[in-house]
Amino acid sequence: MAAHRLRPCVGRLFGMGPELGSGRRAYSAFQAFTEVLRLPSKQLTKLVFPLQELHGHFVPGSRPDLHLNIFHPSLEDIARAESFFTASARNRIEYLSSAVRLDHAPDLRRPEVCFIGRSNVGKSSLIKALFSLAPEVEVRVSKKPGHTKKINFYKVGKHFTLVDMPGYGYRAPEDFVDMVETYLKERKNLMRTFLLVDSVVGIQKADNIAIEMCEEFALPYVMVLTKIDKSSKGHLLKQVLQIQKFVDTKTQGCFPQLFPVSAMTCSGIHLLRCFIADITGNLKTTGFQFS
Ligand code: GDP
């Protein structure tokens with residue numbers, strides 16, 4: 001497993017020196033939004049609104065189908081959202097427990113968001129990046145073949161619980177599917193499911209397991225495109241358009257705006273934090289614009 005080798009949000013985006021990457025978990029200056037606000041506007045857009053930055057590569061008006069502004073909070077909203085993810089004595093962010101069955105899950109009144117995706121899609125890296133303002137949080141990883149896959153619960157202050165679902169493969173065993181399925185179907189406080197898709201390879205057969213589950217249970221879910229730093233701009237644009245078309249034509253419950261992210265450069269992470277803070281009812285942003 002190589003997740004520990006990926007240092008979330010090291011300053012590669014703008015060719016910063018490797019010194020930011022040293023240490024067990026390294027943190028770039030860009031994890032704190034105050035530092036982000038000091039960036040020149042082009043770099044800020046690339047880091048905070050990666051979809052919008054991609055859109056800048058099209059002829060103006062040529063792709064009205066790309067849903068850029070359904071969730072487009074102000075920079076102030078994004079800055080406010082950071083506080084929910086910043087650990088302090090009054091805002092404890094910590095691993096709570098693990099469960100193999102839903103009846104082992106903590107009975108929580110807090111809203112929940114869950115992260116689901118194929119093994120290797122970049123789920124643990126993304127969760128580490130989201131929690132990079134709480135460096136004490138230990139993100140649990142159990143990938144060794146034969147080890148029981150568990151659902152891991154993380155408490156984010158008094159605000160919400162973040163749930164890390166086991167990664168699945170094409171041949172997900174039946175008991176594993178049952179565990180995930182039962183959680184998705186029955187968890188009453190589940191506010192949103194974040195379904196991760198690797199932006200390098202796009203939607204794979206195994207991803208359809210999760211997509212079908214979300215659709216079947218009429219869950220509100222969001223597609224997060226991981227590892228966007230890995231592809232050339234051209235390849236990424238092609239993937240984004242293909243996945244957008246899939247969302248528009250083949251899904252009912254999927255949020256129409258995609259969330260491209262990189263755990264490596266931190267691109268898209270601040271926006272995702274803000275979205276989570278909003279949909280869990282903790283932060284009323286001016287970000288949602290349905291017309
Ligand atoms: P998981 O199995 O879904 O938890 O995936 P991991 O987070 O362990 O990531 C799988 C592999 O992809 C590891 O080698 C990571 O270092 C790599 N990876 C994850 N996220 C990113 C990313 O945003 N950018 C790049 N370049 N690599 C990533």
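Here's the list of aspartates and glutamates a cross-link from LYS230 could span, going by alpha-carbon distance under 17 Å and ignoring same-chain residues fewer than 8 apart: GLU53, ASP198. Shape summary: region 48-155 maps onto an equivalent ellipsoid whose semi-axes, from the alpha-carbon gyration tensor, are 32, 20, 13 Å in decreasing order. Summing Cβ point charges (Lys, Arg +1; Asp, Glu -1) relative to the Cα centre of region 231-291 gives a dipole of roughly 140 debye.
Compute for region 154-291: radius of gyration divided by Kirkwood radius, i.e. Rg/Rh, restricted to C-alpha atoms, rounded to two decimals. Kindly include the intermediate steps, with their values, before the conclusion.
Details: Rg = 15.3 Å, Rh = 16.1 Å.
Here Rg/Rh amounts to 0.95.
In this structure, the pairs whose alpha-carbon distance is over 27 Å, taken from LYS46/LYS250; LYS46/LYS245; LYS150/LYS227; LYS149/LYS250, are LYS46/LYS250; LYS149/LYS250.
Counting only heavy atoms of protein chains, what accessible area per residue, in Å², does region 36-128 have with a probe of 1.4 Å?
Numbers: 4640 Å² over 93 residues.
Heavy-atom accessible area per residue stands at 50 Å².
Within 10 Å, count the other beta carbons around each residue, average over each peptide in 131-140, 231-240, 118-127, and list them highest first. Don't skip to the answer; put the middle values down first.
Numbers: 131-140: 18.6, 231-240: 15.3, 118-127: 23.4.
In descending order of packing, they fall as 118-127, 131-140, 231-240.
Panel note: the C-alpha atoms of region 212-291, placed on their principal axes, show extents of 36, 28, 26 Å (largest first).
The values are calculated or read from the model by the stated rules, or taken from the named source; none is laboratory data. The shown structure was predicted, so the numbers you read here are calculated from the model rather than taken from an experiment. All Cβ positions, glycine included, derive from the backbone under ideal geometry; neighbour counts span all protein chains shown. Side chains included, ligands, DNA and RNA excluded: accessible areas come from the protein's heavy atoms. Shrake-Rupley method; radii C 1.70, N 1.55, O 1.52, S 1.80 Å.
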